[in-house]
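Undergrad: One structure, as structure tokens, below. Some questions next.
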Amino acid sequence: MAVYISLLMVAVVALGLVRYLETHAVFYPSKDIAQTPSVLGLDFEDLYLKTADGERINAWFVKSRIGAATIIFAHGNAGNIGDRLLKLKFFHDLGLNVLLFDYRGYGKSSGHPAEEGIYKDGLAVYDHAVSRSDIDPKKIIMYGTSLGGVVAIEVATKR
């Protein structure tokens, strides 16, 4: 009986350690947004989107004059959307609309990052994109770097 109790205690500690590491060692959010697209001379919409579980996700929509397609940009782990301006400008200069968003707990987004949560964030952003009259739902590109790659894949498999 003591062996089973010991195993149960080890399992509980291991589960707690996994949860701790997920929130403190996997995600590196930054709350301070140093710059916005306006420093590059780009007009943008500052959006707040609701997720299925009630979090508020901050996103920027930069419309292209050409607007051939829209790229939904899921950024990498550290920092926030304010750290991705050069890549945003690169996509914009290619003639793409850019919808760049922060995950929960990053930048001005509410909540705390967790794997299932950031998937919900990506889905909320995609659903917002397809609901807009100025975005062609048939011309949406999911793009993710590093951590954003798994978010982009999750959105692609669900939508």
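The values are calculated or read from the model by the stated rules, or taken from the named source; none is laboratory data. Nothing here was measured: the structure is a model prediction, and the numbers come from that model. In this analysis, Cβ positions are derived from the backbone assuming ideal geometry, glycine residues included, and neighbour counts consider all displayed protein chains. These accessible areas exclude ligands, DNA and RNA; they are computed on the full protein's heavy atoms, side chains included. Shrake-Rupley method; radii C 1.70, N 1.55, O 1.52, S 1.80 Å.
Undergrad: Sort through LEU49, LEU96 and tell me the only one that's of a type in the set (A, V, I, L, M, F, W, C) and within 23 Å of TYR119 (Cα to Cα).
TA: Criteria check complete, one pass: LEU49.
Undergrad: ALA69 is checked against (1) open to solvent by less than 10 Å² (accessible area, probe 1.4 Å); (2) more than 14 Å from PRO37 (Cβ to Cβ) and fails just one. What number does that condition carry?
TA: Only one criterion is unmet by ALA69, namely (1).
Undergrad: Starting from residues that are open to solvent by 30 Å² or more (accessible area, probe 1.4 Å) and in contact with a strand residue (DSSP E or B) (Cβ under 9 Å, 6 or more places away or on another chain), keep the ones in the range 78-89 and report whichever is nearest to ARG132 (Cα to Cα).
TA: By that ranking, first place goes to LYS89.
Undergrad: Scan (1) assigned to a helix (DSSP H, G or I); (2) open to solvent by 10 Å² or more (accessible area, probe 1.4 Å) for the single condition ASP121 breaks and write down its number.
TA: That leaves (2) as the condition not met.
Undergrad: If I ask for residues that are among the hydroxyl-bearing types (Ser, Thr, Tyr) and closer than 16 Å to LEU47 by Cβ, which ones from the range 79-138 would you list?
TA: Within the range 79-138, TYR103, TYR106, SER109, SER110, TYR126, SER131, SER133 meet the criteria.
Undergrad: Return the residue satisfying two criteria in turn: it lies in the range 36-58 and is out of contact with any helix residue (DSSP H, G or I) (no Cβ under 6 Å at 6 or more places or on another chain) and among the aliphatic types (A, V, I, L, M), and of such residues it is surrounded by the most Cβ atoms within 10 Å (Cβ to Cβ).
TA: The extreme case among them is LEU42.
Undergrad: Can you tell me which residue in the range 95-118 is surrounded by the fewest Cβ atoms within 10 Å (Cβ to Cβ), limited to those that are part of a strand (DSSP E or B) and of a type in the set (A, V, I, L, M, F, W, C)?
TA: Applying the filter and picking the extreme gives VAL98.
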